[in-house]
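*Asks:* I am attaching a structure below and will ask some questions about it afterwards.
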Amino acid sequence: MAGNGNNEKPAKKKVVEKKYPMSEQPPAERIRNFNEVPYGYDVETAVEEARRCLQCKKPVCIDGCPVEIDIPGFIEAIAEEDFAEAIRVMKSFNNLPAVCGRVCPQEDQCEKVCVLAKKFESVAIGRLERFIADYDYEHGVAPPTEIAPTKGKKVAIVGSGPAGLTAAGDLARMGYDVTLYEAFHAAGGVLRYGIPEFRLPKAILDQEVDYVKSLGVKVECNMVIGKVFTIKELLGELEFEAAFIGTGAGLPRWMKVPGENLIGVYSANEWLTRINLMRAFEFPEYDTPIWAGKNVAVIGGGNTAMDSVRTALRMGAETAKIYYRRGEKEMPARIEEIHHAREEGVQFDFLVAPDRVLGTDDGWVRGMELCRMELGEPDESGRRRPVRCEGSQFEVECDMVVVAVGTYPNPIIPETTPELELTKWGTIKVDEETGMTSVQGVFAGGDIVTGGATVISAMGAGKRAARGIDAYLTDK
Amino acid sequence: MAYKILARDDITSESVRMVVAAPHIARKCEPGQFIILRLDGKGERIPLTIADFDRDAGTVTIIFQKVGKTTYHLATFREGDEISDFVGPLGRHLDLGRLGTVACLGGGLGVAPIYPKVRALKAGGNYVVSIIGARRKDLVILEEEMRAHSDELFVTTDDGSYGLRGFVTDQLKLLLDEGRKFDTCLAVGPIPMMEAVCRLTAQHDLPTLVSLDTIMVDGTGMCGSCRVTVGGETKFTCVDGPVFDGHNVDWVETKRRQCRYVPQEKQALERFEKDRGSK
């Protein structure tokens, strides 16, 4: 066994100060493929890591988790090598552990508040979550999920991203007859089109979606709700008793600078959707074409920007550079993603924003004109606002630009459901506790309510809405 | 769920008509809207105009020209075969209402998307003057259908093998020069044709609507692949269109963006033809 000691429980355990490392594909190798970067823990390492957990009487880590997983519970089972129990505990809270273990920002949530982290490194909760999910998919140790007797009530879930999958899974377990509608040809939402293969293999996502289906959820793809059926029609002639809207924040935000429609400028959504959903990286085996630059500029500092720039390297870019208008500390991307990007050779230029994209005579990108920024007073997000340094403009050369400066809520459902009350940002207003919108029986959650946020916060919203829908239909 | 092809016929040597079972879409779609299809698990998503629909039968009719890998591949599908994915109705439904006298120009395969609009205009009490064009007589499509729903119908061919020798714009110019008055013009066809129509109608202050067929991925406003500049503003063809004020479209940019995958499209088609040849 790796780590400290032998199989017999030592009388006094010495604290292992650091997380057990997780091996990864070396940077030089991985930038030439789309395979997943970290390999995950093996059994021995996972058990040793689980034994680092102090099993606190008052586990604050649970408060740090948007889906309230019994973290010490599943970790204790791993420490005792009872993997069936570990996955049972995990799945009683979380329908998508293989996803969460890979893409959650644990460093800002459960691991941030871990008591060990006060003196040492926190328990590697995310890695253990991934371990137990992958172990179960490989060995099939989980006992069958308990499903309540049927309630004979139909619920429609619109959007099969993290919020929709969570709400659908939870409601199916409560005994509801759930139909999950997806606009694309495959379920998963942003997990499918947005997050690259090297961070979340689509085979893993397929397994998670299959698990949700195994709970009795019917998935209907190719259905653009709002266009093919309105929410009113779902609740009317289609006889659903409640509906949940989890259609995300899928609309790209542009920089609104000249030259943005030149050829070679992509929204992050287009760049990533062509590659992740349509698998353009396997063109011509797959039909969807893509044009990939050699000298790539990505605008933005979030996870989507990191995904875009790392994807560019894998698509053959010789240089790939992030341009971000604030400083390094203000970047919203996960530390792990920034770290991986750096290892792979991504360059960063901070406190800089494009004034225009420059084109060739025939309409292709040839560079950008940028302006230096400095940080002023904090804005409503609490981060210091970037302020232009006039006269600092300069030009750089590049042949491709990816715009990853955020997204807007998808308007198709609000536009076709005029009764829905919206905020001034176009997001749907809901009751925070139940997730109910201004329309009786219609609930919403995830990015369509919050604007662009994280996978796990959307899952938390899906979970709350499932409870809200259950309470509403129980009283109805 | 896959989508079954109920009927299929070659309407010219270059174009095919298919009737597809898609009851949800047939129930809801309106003239001018489109669908996006994907043939199989490795396919690309391409938009095609809804050329016709039958709400009772639950069918949607598409007409397409064999131009690239996907359309050549789709042309090999027979009655009873299934299309993996078929999504819609997409795009804005444009209620044309009562406009008066309307010139409806369809160039090449553009006749297919203009046909449902002609039908709706005629049913809405407008006086419809249709002009349809093709390269040669045998490539003219939907002539009888168009004639049945137009007050007047003119045909042009590039080589003069049928109707007026020339383009649809030449016919429209003749009518305008004769002093014929129109309240609105609708033009659908290849970009150079729509651009030429707009150049002509601008000289006559004739409001002109065009329907764009840009490169799309999702078709729901997510990616921006289909963006065009209209009146100085960026618009998405999939959710803001596909119909726009033709006099405000930036045609130079639209043409360039439409050609951006030409080398890949060529490669994919060559590969498809080679694969078929070896079978």
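The values are calculated or read from the model by the stated rules, or taken from the named source; none is laboratory data. Since the model is a prediction, treat every value here as computed from it, not as a measurement. All Cβ positions, glycine included, derive from the backbone under ideal geometry; neighbour counts span all protein chains shown. Protein only, heavy atoms only, side chains kept; ligands, DNA and RNA dropped before computing areas. Shrake-Rupley method; radii C 1.70, N 1.55, O 1.52, S 1.80 Å.
*Asks:* Of the numbered conditions (1) closer than 19 Å to residue B:149 by Cα; (2) more than 15 Å from the chain's Cα centre (by Cα); (3) open to solvent by less than 20 Å² (accessible area, probe 1.4 Å), residue B:75 fails exactly one; give the number of that condition.
*Replies:* (1)
*Asks:* Counting residues that are within 14 Å of another protein chain (Cβ to nearest Cβ) and touching a residue at least 24 places away in the same chain (Cβ under 8 Å), which helices (runs of 4 or more DSSP H) fully inside the stretch B:176-279 reach at least 2?
*Replies:* Because the criterion is at least 2 residues that are within 14 Å of another protein chain (Cβ to nearest Cβ) and touching a residue at least 24 places away in the same chain (Cβ under 8 Å), the helices (runs of 4 or more DSSP H) in the stretch B:176-279 that meet it are B:237-240, B:251-258, B:262-277.
*Asks:* Which number in (1) of a type outside the set (A, V, I, L, M, F, W, C); (2) at the interface with chain B (Cβ under 8 Å from one of its Cβ atoms); (3) within 22 Å of the chain's Cα centre (by Cα) marks the one condition that residue A:288 misses?
*Replies:* It fails just one condition, (3).
*Asks:* Sort out which residues of the stretch A:306-332 are at pLDDT 95 or above, of a type in the set (A, V, I, L, M, F, W, C) and not in a strand (DSSP E or B), and write them in order of number.
*Replies:* Once the filter is applied, which keeps residues that are at pLDDT 95 or above, of a type in the set (A, V, I, L, M, F, W, C) and not in a strand (DSSP E or B), the stretch A:306-332 yields A:306, A:309, A:312, A:313, A:315, A:317.
*Asks:* Follow-up question, since we're still on this one. Evaluate the following for residue A:357: is it more than 27 Å from the chain's Cα centre (by Cα), surrounded by 18 or more Cβ atoms within 10 Å (Cβ to Cβ) and outside any loop (DSSP other than H, G, I, E, B)?
*Replies:* Against the criterion (more than 27 Å from the chain's Cα centre (by Cα), surrounded by 18 or more Cβ atoms within 10 Å (Cβ to Cβ) and outside any loop (DSSP other than H, G, I, E, B)), residue A:357 qualifies.
*Asks:* Return the residue satisfying two criteria in turn: it lies in the stretch A:264-283 and is more than 7 Å from chain B (Cβ to nearest Cβ) and not in a helix (DSSP H, G or I), and of such residues it is most open to solvent (accessible area, probe 1.4 Å).
*Replies:* A:279
Residue by residue, here is whether (1) within 27 Å of residue B:252 (Cβ to Cβ); (2) crowded, with 18+ Cβ neighbours inside 10 Å; (3) polar (S, T, N, Q) holds:
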residue	(1), (2), (3)
A:331	no, yes, no
A:343	no, no, no
A:352	no, yes, no
A:366	yes, no, no
A:379	no, no, no
A:386	no, yes, no
A:390	no, no, no
A:394	no, no, no
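*Asks:* If you don't mind, another one. Output the number of residues of the stretch A:212-233 satisfying the condition of being of a type in the set (A, V, I, L, M), surrounded by fewer than 23 Cβ atoms within 10 Å (Cβ to Cβ) and more than 12 Å from chain B (Cβ to nearest Cβ).
*Replies:* 1
*Asks:* Also: Given the criteria open to solvent by less than 50 Å² (accessible area, probe 1.4 Å), without any contact (Cβ under 8 Å) to a residue 12 or more places away in the chain and not aromatic (Phe, Trp, Tyr), does residue A:423 qualify?
*Replies:* yes
*Asks:* Condition first: out of contact with any Phe, Trp or Tyr (no Cβ under 8 Å at 6 or more places or on another chain), in a helix (DSSP H, G or I), open to solvent by less than 30 Å² (accessible area, probe 1.4 Å) and among the aliphatic types (A, V, I, L, M). Now tell me which residues in the stretch A:190-211 satisfy that.
*Replies:* A:191, A:205, A:209
*Asks:* Further, regarding this structure: What's the number of the only condition in (1) in contact with a strand residue (DSSP E or B) (Cβ under 6 Å, 6 or more places away or on another chain); (2) more than 10 Å from chain A (Cβ to nearest Cβ); (3) of a type in the set (A, V, I, L, M); (4) open to solvent by less than 40 Å² (accessible area, probe 1.4 Å) that residue B:96 fails to meet?
*Replies:* Residue B:96 satisfies all of (1) in contact with a strand residue (DSSP E or B) (Cβ under 6 Å, 6 or more places away or on another chain); (2) more than 10 Å from chain A (Cβ to nearest Cβ); (3) of a type in the set (A, V, I, L, M); (4) open to solvent by less than 40 Å² (accessible area, probe 1.4 Å) except (1).
*Asks:* Can you find even one residue in the stretch A:167-180 that is within 14 Å of another protein chain (Cβ to nearest Cβ) and either open to solvent by 10 Å² or more (accessible area, probe 1.4 Å) or farther than 30 Å from residue A:33 by Cα (or both)?
*Replies:* Yes: one or more hits.
*Asks:* Tell me yes or no: at least one residue of the stretch B:29-42 is crowded, with 22+ Cβ neighbours inside 10 Å, closer than 26 Å to residue A:416 by Cα and more than 14 Å from chain A (Cβ to nearest Cβ).
*Replies:* Yes: one or more hits.
*Asks:* Can I ask one more? Quick check on residue A:122: is it among the hydroxyl-bearing types (Ser, Thr, Tyr) and modelled with pLDDT under 95?
*Replies:* Considered against the rule, which asks whether it is among the hydroxyl-bearing types (Ser, Thr, Tyr) and modelled with pLDDT under 95, residue A:122 comes out as no.
*Asks:* I'd like to check which helices (runs of 4 or more DSSP H) are fully inside the stretch A:372-476 and have at least 3 residues that are farther than 30 Å from residue A:327 by Cβ and within 14 Å of chain B (Cβ to nearest Cβ).
*Replies:* A:412-416
*Asks:* Could you please find all residues in the stretch A:267-281 being touching a helix residue (DSSP H, G or I) at 6+ places or on another chain (Cβ under 9 Å) and charged (D, E, K, R)?
*Replies:* Matches in the stretch A:267-281: A:274, A:279.
*Asks:* When the residues of the stretch B:199-211 are filtered to those that are open to solvent by 10 Å² or more (accessible area, probe 1.4 Å) and not acidic (Asp, Glu), which remaining residue is nearest to residue B:96 (Cα to Cα)?
*Replies:* The qualifying residue nearest to residue B:96 (Cα to Cα) is B:209.
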